[in-house]
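A.B. asks: Quick one: the structure is below, questions incoming.
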Amino acid sequence: MKFVTSEQMRAVDRYAIEQIGIPAVALMENAGRAIAEEVLLFCRQRREGRLPERPEETIRERPAGADSLDRDLGSPPAWPEEHWLILIGKGNNGGDGLVCARHLVDAGVRVSLLYAEEPERLGGEAALQHAIAAALGLPGEVYTPGAVAAARSRGVTGIVDALLGTGAKGAPRGAYASLIREANESRLPIVAADIPSGLDADTGAVHDPCIEARITVCLAFLKAGLTQYPGAKAAGDVIVRYIGIPRALPPGMAEAGVLLTEESLRGELGVDPGRR
């Protein structure tokens, strides 16, 4: 399984959007839907009592359509026991979270949006997703101290971290830092969008604070920082999801590295690591 640095991922995004012509809004839609699918899979496992006590810290790819959201669609409330808090940053990561929220609502999951900043500060595709969420009447508020604990008292059962993406540098500050600390203190399961907020996408360094995720839904390509400790521990179980960006890297770009997993050995070499 190939992995890339944050700079390489930005170049891949630009290539897909500017050279190939894939609309950025389509990539965001695919990303948010993939995150929602993984949240719903977690909900299904929790309902069926099949969740392990703690993350296994595995890294694997899930093929497109392997766990289709359509299997969980139905007349709300399909998931009356579930209520997810979506933490929204001002960048594309926040836009992914807004798409995720919309698909969860369509599947019958109650959601609440918690913005790190005034939503008017969102730009580009993220601003479009906020407008869609507002038009649909999705409930949301801007962060104030104690907001996560208050949400838990209202019955929130899980958190989606869509605060900071691979472009963030250094330790989170201000409302972002407070949200991360409150999310971790809640002890609710956290699903991180692409990388846990506060984790260095290149080195795996964990800033103070950093989201402690149960699951990280890594988008398009595995990020280098998720293959190294302590970042790998903060990420929990890592699921790499295809979002429509070609698997082949742009001409002239080499991957930062290749991670050998049981799945990649089986698929690419025809070797079963479980057999001796």
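The values are calculated or read from the model by the stated rules, or taken from the named source; none is laboratory data. The structure displayed is predicted, hence computed values, not measured ones. As a convention, Cβ positions derive from the backbone with ideal geometry for all residues, glycine included, and neighbour counts pool all protein chains shown.
A.B. asks: Between Ile17, Ile35, which is within 17 Å of the chain's Cα centre (by Cα), assigned to a helix (DSSP H, G or I) and either within 16 Å of Pro250 (Cβ to Cβ) or among the hydrophobic types (A, V, I, L, M, F, W, C) (or both)?
C.D. replies: Details: Ile17 fails: within 17 Å of the chain's Cα centre (by Cα).
So the residue among Ile17, Ile35 that is within 17 Å of the chain's Cα centre (by Cα), assigned to a helix (DSSP H, G or I) and either within 16 Å of Pro250 (Cβ to Cβ) or among the hydrophobic types (A, V, I, L, M, F, W, C) (or both) is Ile35.
A.B. asks: Also, quick follow-up: Answer with yes or no whether Val12 is modelled with pLDDT of 95 or more, among the β-branched types (Val, Ile, Thr) and not in a loop (DSSP other than H, G, I, E, B).
C.D. replies: Numbers: modelled with pLDDT of 95 or more: no; among the β-branched types (Val, Ile, Thr): yes; not in a loop (DSSP other than H, G, I, E, B): yes.
The answer is no for Val12.
A.B. asks: For the range 73-108, enumerate the residues that are crowded, with 24+ Cβ neighbours inside 10 Å, touching a strand residue (DSSP E or B) at 6+ places or on another chain (Cβ under 6 Å) and aliphatic (A, V, I, L, M).
C.D. replies: Scanning the range 73-108 gives Leu85, Ile86, Leu87, Ile88, Ala101, Leu104.
Residue-wise test of (1) within 21 Å of Tyr115 (Cα to Cα); (2) in contact with a Ser or Thr (Cβ under 7 Å, 6 or more places away or on another chain).
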site	(1), (2)
Ala177	yes, no
Arg187	yes, no
Ile211	yes, yes
Leu219	no, no
Lys223	no, yes
Leu226	no, yes
Asp237	no, yes
Tyr242	no, no
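A.B. asks: Name the one entry in Gly257, Gly270 that is farther than 22 Å from Asn93 by Cα and either exposed (fewer than 13 other Cβ atoms within 10 Å of the Cβ) or modelled with pLDDT under 65 (or both).
C.D. replies: Gly270
A.B. asks: What are the residue pairs meeting all of these: first residue in the range 158-179, first residue free of Cβ contacts under 8 Å to residues at least 40 places away in the same chain, second residue aliphatic (A, V, I, L, M) and assigned to a helix (DSSP H, G or I), Cβ atoms under 6 Å, and 6 or more apart or on different chains?
C.D. replies: Here the result reads Pro172/Ile180, each pair linking the range 158-179 to a residue that is aliphatic (A, V, I, L, M) and assigned to a helix (DSSP H, G or I).
A.B. asks: Tell me whether the range 196-208 contains one or more residues that are at pLDDT 95 or above, in a loop (DSSP other than H, G, I, E, B), surrounded by 20 or more Cβ atoms within 10 Å (Cβ to Cβ) and out of contact with any Asp or Glu (no Cβ under 9 Å at 6 or more places or on another chain).
C.D. replies: yes
A.B. asks: Here's another thing I want to ask about it. Can Ile159 be described as aliphatic (A, V, I, L, M), within 18 Å of the chain's Cα centre (by Cα) and in a helix (DSSP H, G or I)? Please lay out each step first, then the result.
C.D. replies: Details: aliphatic (A, V, I, L, M): yes; within 18 Å of the chain's Cα centre (by Cα): yes; in a helix (DSSP H, G or I): no.
When the stated conditions are applied, Ile159 does not pass them.
A.B. asks: List, please: which pairs have Cβ atoms under 9 Å, are six or more places apart or on different chains, and start with a residue in the range 94-107 that is at pLDDT 95 or above and part of a helix (DSSP H, G or I) and end with one that is of a type in the set (Phe, Trp, Tyr) and surrounded by 24 or more Cβ atoms within 10 Å (Cβ to Cβ)?
C.D. replies: Pairs found: Gly94/Tyr115; Cys100/Trp84; Ala101/Trp84; Leu104/Trp84.
A.B. asks: Which of (1) part of a loop (DSSP other than H, G, I, E, B); (2) surrounded by fewer than 19 Cβ atoms within 10 Å (Cβ to Cβ); (3) modelled with pLDDT of 95 or more is the odd one out, the single condition Lys233 does not satisfy?
C.D. replies: Just one mismatch for Lys233, condition (1).
A.B. asks: Where residues in the range 109-133 are among the small types (Gly, Ala, Ser) and touching a strand residue (DSSP E or B) at 6+ places or on another chain (Cβ under 8 Å), which of them is surrounded by the most Cβ atoms within 10 Å (Cβ to Cβ)? Outline the logic, then answer.
C.D. replies: Here is the first cut: in the range 109-133, the ones among the small types (Gly, Ala, Ser) are 112, 116, 123-124, 126-127, 131, 133.
Then drop every residue that is not touching a strand residue (DSSP E or B) at 6+ places or on another chain (Cβ under 8 Å), which leaves 112, 116, 133.
Values: Ser112: 18, Ala116: 25, Ala133: 23.
Per the criteria, the residue is Ala116.
A.B. asks: Scan the range 65-81 and give yes if some residue there is modelled with pLDDT under 90, part of a helix (DSSP H, G or I) and basic (Lys, Arg), otherwise no. So that I can check it myself, show each step before the final result.
C.D. replies: Step one: filter the range 65-81 for residues modelled with pLDDT under 90, giving 65-78.
Checking which are part of a helix (DSSP H, G or I) leaves us with 69-72.
When the remaining residues are screened for being basic (Lys, Arg), the result is 71.
Within the range 65-81, one or more residues are modelled with pLDDT under 90, part of a helix (DSSP H, G or I) and basic (Lys, Arg).
A.B. asks: Among (1) of a type in the set (Lys, Arg); (2) modelled with pLDDT under 95; (3) under 29 Å from Arg46 (Cα atoms), which single condition is Arg152 missing?
C.D. replies: Just one mismatch for Arg152, condition (2).
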